[in-house]
Amino acid sequence: MIGHRKLFRLGEFIGEKIFTFLSFLFVGPLKKYRNISATQVARSLVSKMNSDDDGVYVLDFENFKNQ
């Protein structure tokens, strides 16, 4: 998950850049390992919480990117 962090971590920074650069390789079942922004995740969660749907839901990459 990418986004602004108060604490700088070199490994996370390098990993984020590598995964972003190579994201075109993550197709099919690997699509769920692409970078996604914390903002997209938060929007999806709030949207689902505000819906009238009852039950327990598992949101995957496809759910997050459409928000």
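Okay, here's what the table says:
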{"item": "Members of the range 19-67 that are under 20 Å from residue 3 (Cβ atoms) and of a type in the set (A, V, I, L, M)", "result": "22, 36, 38, 41, 42, 45, 46, 49, 59"}
{"item": "Elements of type helices (runs of 4 or more DSSP H) contained in the chain, each with 3 or more residues being open to solvent by 90 Å² or more (accessible area, probe 1.4 Å)", "result": "10-21, 38-50"}
{"item": "Candidates 20, 39 - the one that is modelled with pLDDT of 80 or more and touching a strand residue (DSSP E or B) at 6+ places or on another chain (Cβ under 9 Å)", "result": "20"}
{"item": "Residue tally, condition among the hydroxyl-bearing types (Ser, Thr, Tyr) and free of Cβ contacts under 8 Å to residues at least 12 places away in the same chain, over the range 32-52", "result": "1"}
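The values are calculated or read from the model by the stated rules, or taken from the named source; none is laboratory data. What you see is a predicted model; the values in this text were computed from it and never measured. Every residue, glycine among them, receives a Cβ derived from its backbone with ideal geometry; neighbour counts consider all protein chains shown. Keep in mind that these areas ignore ligands, DNA and RNA; they rest on the heavy atoms of the full protein, side chains included. Shrake-Rupley method; radii C 1.70, N 1.55, O 1.52, S 1.80 Å.
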